[in-house]
Amino acid sequence: MSFAIEERGRPNTTEYRVFFKNSEGKYISPFHDIPIYANEAENIFHAVVEVPRWSNAKMEIATKDPLNPLIQDVKKGNLRYVANVFPHKGYIWNYGAIPQTWEDPNHKDSDTGCCGDNDPIDICDIGNKVCSRGEIIKVKVLGTLALIDEGETDWKVIVINTEDPEASDFNSIDDVRRLKPGYLEATVDWFKRYKVPDGKPENQFAFNAEFKDRDFAIKTVKSTHEFWKALISTKTSAGELKCMNTSVSDSPFCCSAGDAEAVVKSACASGPEDPIPSSVDKWFYLEK
C-alpha cells in the first residue's frame, strides 16, 4: 500500500495544505482512510509524519477541515513554530499520528483521570531517518508517555520505523533506555518545557512521567481505534470534526472521489514558499 502527497498553497503561510492520495491517485483523508494497521497480526501500525525531526513548524492533521490535510497550526493569528529549548533543536523525533485513532474528549481515561484531547493519537519515531512531511511509515510500538496537556490526556507513543536498520534491536521501552541512553529523559524534558517560552507553565504527566511498556501502549492505541470507529459511524458525536472519507463504506461520511477532488481543487494553487522567520532559530535557556 503506497501513498503520495499533493501540496497546495505556499509553504510557511496559513493557506498551505498537504493533501494525501492513495496508490490509485485518488484523494483520501489521512485521518480516516489510511488503515491503522500495516500488519495487524504483528501489531505494526501506519503513522503519518506531521513534523520531521529537527524542524519547528507545528504541522498537524487538520481534523476540522474536509479531507483533513496537514496544515500549520495558528495561534493568535500567527503561524506556530515550536521554540528551541536548549539543548533541543525543533522536534527531537519524527512526530506524527496513527490514522484511524481518536482520543475521545468525552471519555475520561481510567488511568490518567483526564479526558482525551480530540485528536488522533500522537507518535514519536526514534528511528535514524529524518522523514519528510506527509510521509507514511510503518512503525513498531515500544511504549508510551502520558502527557497531561492543559487538563487533557495526550498520549505520546514511542515507536520506531520498521525500515530502520536497527528496528530489530528495539522491542521494548527498556531497549530504548539501553540503546539510546538519554533519549527518553530528553523526551520528557522536551514535552515538559516546550511551551514555557510562550509564557505557559510546564506541562504535567500521569504516572510521575514514567513510560508505560509496549503492551500498555498497544492496548492504548487499540482503544483509541475503537473510539474512532464510534466516531466514523456516528455512534459518537463528531462535533466540529470533519469525518469525510472515501473508503469507510459503512460510514455515513463516505464520499465520492469527485467530491474529494473538489475539496482539493478549491484550495489555493501551490506556489513558492515564504521565508521562515529568523526568530524561529532562537534558542531559549531555561532554569531546570
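The values are calculated or read from the model by the stated rules, or taken from the named source; none is laboratory data. Remember, it's a predicted structure, so these values are computed and weren't measured experimentally. Cβ placement follows ideal geometry from the backbone for every residue including glycine, while neighbour counts extend to all protein chains displayed. Note: accessible area is taken over every heavy atom of the protein model, side chains too, but ligands, DNA and RNA are not part of it. Shrake-Rupley method; radii C 1.70, N 1.55, O 1.52, S 1.80 Å.
One table, with the values for the structure above:
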read-out: Size of charge dipole - the chain - debye, nearest 20, with Cβ of Lys, Arg +1 and Asp, Glu -1, no other charges; value: 500
read-out: Rounded accessible area per residue of the chain, 1.4 Å, Å²; value: 45
read-out: Heavy-atom accessible area ranking, 1.4 Å probe, most first, across W54, W93; value: W54, W93
read-out: Unit charges at the beta carbon, dipole of the chain: most positive-side option, T101, L286, A217; value: L286
read-out: DSSP beta bridge pairing in the chain, given as percent antiparallel to the nearest 5; value: 85
read-out: Theoretical ellipticity at 222 nm over the chain - DSSP helices of four or more residues, -39500 (n - 2.57) apiece, nearest 500; value: -5000 deg cm²/dmol
read-out: Probe 1.4 Å - accessible area at C254, Å² to nearest ten; value: 50
read-out: W283 accessible area, assembled protein chains, probe 1.4 Å, Å²; value: 100
read-out: Beta bridges per DSSP with both ends in the range 132-288, % antiparallel, nearest 5; value: 95
read-out: Spatial separation of Cα centroids for the range 129-163 and the range 191-225, in angstrom; value: 11
read-out: Apportionment of accessible area to carbon and sulfur, the chain, percent (1.4 Å); value: 48
read-out: Protection-proxy order for peptides 202-208, 151-157, 74-80, each taking the mean of Cβ atoms within 10 Å per residue, highest first; value: 151-157, 202-208, 74-80
read-out: Over the chain, relative contact order from alpha-carbon pairs under 8 Å, at least 6 apart, %; value: 23
read-out: Contact order normalised by residue count of the range 5-69, Cα under 8 Å, 6+ apart, percent; value: 26
read-out: S279, S249, S132, ranked by accessible area, largest first (probe 1.4 Å); value: S249, S279, S132
read-out: Of V48, Y91, I28, farthest towards positive along the dipole that unit charges on Lys, Arg, Asp, Glu beta carbons give the range 21-102; value: Y91
read-out: Residues of the range 85-106 with amide N under 13 Å of the 7 Å Cα→Cβ point at A4; value: none
read-out: Cα gyration tensor, the range 90-183 - rounded (a/c under 1.5), prolate or oblate; value: prolate
read-out: Fully extended contour minus Cα-Cα distance, from S270 to V74, at 0.36 nm per residue; value: 68.6 nm
read-out: R0 of 35 Å, Cβ-Cβ distance D149-E40: FRET efficiency to nearest 0.05; value: 0.75
read-out: For S247, solvent-accessible area (1.4 Å; no DNA, RNA or ligand), Å²; value: 70
